[in-house]
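Remarks on the structure that follows.
Quick note: the coordinates plus some simple rules give every number you see, no bench work behind them. Computed from a prediction, not measured in an experiment: that's the story for all the values here. All Cβ positions, glycine included, derive from the backbone under ideal geometry; neighbour counts span all protein chains shown.
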Amino acid sequence: MKITGAELIIRALISEGVDCVFGYPGGAVLNIYDELYKFSAQIKHIATCHEQGAVHAADGYARVSGKVGVVIATSGPGATNLVTGIANAYLDSVPLVAITGNVACPFIGKDSFQEVDITGVTMPITKHNYIVKDVNRLGDVIHQAFAIARSGRPGPVLIDIPKDVQQCECEYVEYIHQPAPVATNGRSTLRKAAEQINDCKRPYIYIGGGVIKSNATEELLEFADRIDAPIGSSMMGLAAVPHDHPRFLGMTGMHGKYAASQILAESDLLIAIGTRFSDRATGNKTEFTKGKKVIHIDIDPSEIGKNIPAYVALLGDVKTVLQQLLAGVKQRNRPSWRQAVQAIKDSSDNRLEMPPDQLNPETVIKAVRRHASDDTVVCTDVGQHQMWTAQYYDFSRPRTFITSGGLGAMGFGMGAAIGACFGTGGRKTILFTSDGSFHMNMNELATAVSNQLPLVIVLLNNNALGMVRQWQAMFFEQRYSNTSLARRTDYVRLAEAMGAVGFKVDTLSQLEPALAKAFAETGPVLIEVTIDQDAKVLPMIPPNGTIHDIILKA
Amino acid sequence: MDNDEFVISMLVNNEAGVLTRVSGLFARRDFNIDSLSVGVTEQPGLSRITITAHGDDYLKDQIIKQLAKLQDVKVVKPMPFNNSVMRELLLIKVQADRDTRSALLEAASVFRAKVVDLKSDSIILEITGERSKCEAFIEYLRPYGIVELCRTGLTSISRGLKPLKDSKSFVEENSAKE
């Protein structure tokens with residue numbers, strides 16, 4: 001049976017298990033949207049306010065569900081509006097397929113209306129991309145794209161499809177690509193790693209986002225118990241281990257817990273699992289590994305030795321590698337190391353708490369946590385509020401913390417939270433944001449209203465670009481260049497004008513009633529919380545610094 | 001040959017944009033390469049790219065690993081200097097009048113270069129060889145007045161029967177041997 005390219009796209013998506021896509025219609029994707037209309041019973045399409053919101057939504061959807069996120073945009077500006085979101089998915093290894101329309105083949109290269117070479121633009125920020133000029137290749141390309149997006153280290157793939165290719169007819173046979181093989185480890189390498197783990201004195205397990213992507217929490221905890229080691233996490237690894245797990249030290253790195261970084265510094269064997277040693281997590285790279293050996297477990301061979309040299313490298317899916325390691329490592333009991341770890345955990349430097357009787361980021365985040373359940377998804381934007389959420393929110397389950405790590409993209413939150421709502425089948429979702437980040441993509445509040453999403457937006461308003469202001473305070477002698485913005489936005493009225501519910505919280509006593517009402521709502525709610533402009537994210541290890549440079553007090 | 005020089009050969013899909021993917025990778029990862037040559041092979045769908053670069057083992061390792069991640073790169077291998085044939089083609093145009101012409105022809109004969117064009121005031125010579133041979137030839141000709149020259153960049157093939165396409169893929173290479 002012959003079908004058009006546009007129909008083929010939808011049929012191929014369905015056969016890949018896609019039932020929800022995000023996007024924005026336009027001239028070069030009219031044929032695809034016509035098919036979406038016909039197939040609306042099988043595929044739900046969420047129209048956002050801006051393509052950036054759609055791609056962040058597809059990203060958030062993918063992170064909470066573990067499925068491939070799909071976004072559709074038209075040619076030219078539609079395609080270029082995806083760029084930040086694609087880069088974000090690339091840096092955080094999120095499986096994403098972006099489908100863009102383009103001008104018809106005879107118009108390509110003529111600077112036609114709404115023509116952009118989007119495969120050229122996105123080449124450095126995709127795992128792979130395609131422009132499909134022959135409709136007979138279209139089915140194969142779509143299935144390949146899904147295989148690439150989800151296999152190995154996941155990431156975004158873009159498919160650019162000229163308008164005439166969408167209109168051409170072709171034959172299509174449904175099929176699913178076999179996933180690409182991943183590297184595995186020889187017995188001698190596994191033995192070498194096991195020996196190091198068995199023989200070391202002060203092991204430290206440092207986890208990243210790979211543990212979550214690989215669904216390896218269970219294996220990780222068994223491994224930690226077996227070798228008697230504490231666990232520290234990069235920001236991307238947060239929520240992989242429950243916050244109250246006795247072995248868990250919290251986040252390491254620039255704004256990590258004192259104990260997580262100090263204990264790492266004192267370890268003699270660092271077992272890094274599913275992490276790429278970002279500069280925000282390591283600080284000074286030479287000092288980071290001083291006096292210790294590193295066992296690096298990752299699925300991407302190019303990460304081995306890229307930022308930190310590995311003494312032993314174990315390639316492959318984290319879950320599989322941990323299972324292999326568990327077969328070779330011995331049960332260990334390291335009382336003196338455990339004691340040393342506990343002493344650092346209990347030290348006053350590890351307890352930087354904000355006053356509990358004030359309205360401040362910590363009291364707000366802790367109060368929100370009390371209204372949430374263990375499986376509530378928490379999204380953030382980027383900046384101080386993001387770090388405070390990472391520090392103070394008690395995560396209990398993997399895939400409940402959705403944040404822009406590698407790219408640090410302000411404006412990520414609204415789209416991501418919308419995607420998370422759909423990815424969890426409509427569970428209550430929280431977005432922590434701030435006046436700076438929210439203003440970037442607040443238009444998407446309209447999307448949340450249109451779809452009556454169960455979204456609680458907690459906006460920490462310090463009337464400034466807080467993180468940049470903090471750096472200006474600490475490293476630029478308080479020259480607050482362009483960070484005190486004097487916005488006059490009335491968030492409550494804004495929320496109401498857009499069809500949402502709004503609350504304003506200026507004092508601690510107003511917080512609980514507002515939260516109680518907000519969590520009782522079924523649709524989107526925005527709570528503006530006024531916080532001190534000079535509140536700082538602490539502790540802080542300055543860029544390229546070490547634990548010795550840690551700043552504990554403002 | 002500098003001590004830290006290395007040569008990498010790869011087989012890539014012969015499709016539009018592949019060279020951009022490869023060269024774009026070098027630019028964005030800050031890998032400086034010295035030469036790059038590309039051409040079709042005996043296999044219809046595959047082209048062969050050979051690059052030369054210099055740097056430490058870290059750089060070489062990263063270049064190979066990052067190239068191996070590109071979907072269009074099928075095989076990528078470092079070429080050992082002691083077991084590969086490496087050649088480059090040089091075309092060089094030199095000023096040549098009645099006084100210098102015979103000396104230039106003599107040099108061409110010694111270096112086993114070919115004369116490919118001769119005018120009353122110039123000569124074009126063609127030479128193939130390892131990079132050091134091309135460089136020695138250029139240095140020898142410099143006093144005569146080099147008008148312009150162009151080089152193809154190094155290309156390389158391993159000695160013995162086994163072709164590059166039969167090399168293990170990066171994943172196979174990094175997988176269990178036992």
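Taking the Cα centroid of segment A:155-185 and of segment A:473-547, what is the distance between the two, rounded to the nearest whole Å?
43
If the viscosity is 1.567 mPa s and the temperature 4 °C, what Stokes-Einstein diffusion coefficient in µm²/s follows for segment A:1-138 when Rh is the Kirkwood radius over Cα pairs?
Approximately 86 µm²/s, per Stokes-Einstein.
Any idea what angle helix B:18-28 forms with the longest principal axis of chain B, computed on alpha-carbon atoms, 0 to 90 degrees, nearest 10?
90
State log₁₀ I(q)/I(0) for segment A:275-387 at q = 0.10, 0.24 Å⁻¹ as given by the Debye formula over alpha-carbon point scatterers of equal weight, solvent excluded.
-0.56, -1.21
So which helices of chain A fit the span-like rule, where a helix is a whole DSSP H run, its Cα atoms reach 20 Å or more along the axis, and its mean Kyte-Doolittle is at least -0.5?
Helix filter hits for chain A: A:51-65, A:135-150.
Once the dipole of chain A is set up with Lys and Arg at +1 and Asp and Glu at -1 on Cβ about the Cα centre, which of A:130, A:516, A:339 lies farthest towards its positive end?
A:339
How shielded is A:457-464 by partner chains, expressed as the average number of their Cβ atoms within 10 Å of its Cβ atoms?
Per residue, the number of nearby Cβ atoms from other chains is 0 on average.
What Kirkwood hydrodynamic radius, in Å, does segment A:412-554 give when the mean of 1/r is taken over all pairs of distinct Cα atoms and then inverted?
Hydrodynamic radius (Kirkwood, Cα pairs) of segment A:412-554 is 16.5 Å.
If the convex hull of the alpha-carbon atoms of segment B:5-79 is projected onto planes in all directions, what is the mean projected area in square nanometres?
If I average the Cα hull's projected area over directions, I get 4.5 nm².
How much net charge surrounds residue B:77 when only the other residues with a Cβ under 14 Å from the Cβ of residue B:77 are counted, with Lys and Arg +1 and Asp and Glu -1?
Net of charged neighbours comes to +4.
How many Cβ atoms of partner chains, on average, are near each residue of B:57-67 if near means within 10 Å of its Cβ?
Taking the mean over all residues of the peptide, I get 2.
Whats the longest run of chain A with zero chymotrypsin sites (Phe, Trp or Tyr not before Pro) that are DSSP loop and have at most 11 other Cβ atoms within 10 Å?
My reading of the result: A:176-554 is the longest stretch.
Under the 0.36 nm per residue contour assumption, what length would be gained going from the current alpha-carbon distance of residue B:57 and residue B:42 to full extension?
Extending this stretch completely gives an extra 2.2 nm.
Once both labels are modelled 7 Å past Cα along the beta-carbon direction, what's the residue A:311-residue B:166 spacing in nm?
4.1
When only alpha-carbon atoms are used, what values of Rg and Dmax, in angstrom, describe the protein assembly as shown?
29.2, 101
Can you tell me the dipole magnitude for the protein assembly as shown around its Cα centre, using point charges on the Cβ only (Lys, Arg +1; Asp, Glu -1), in Debye to the nearest 20?
1320
So what's the back-of-envelope 222 nm ellipticity for chain B, counting only DSSP H runs of four-plus at -39500 (n - 2.57) apiece and dividing by all residues, rounded to 500?
After summing the helix terms and dividing by the residues of chain B, the value is -8000 deg cm²/dmol.
Under a point-charge model restricted to the Cβ atoms of Lys and Arg (+1) and Asp and Glu (-1), what is the dipole moment magnitude of segment A:308-373 relative to its Cα centre, in debye to the nearest 20?
Computed about the Cα centre, the dipole is about 380 debye.
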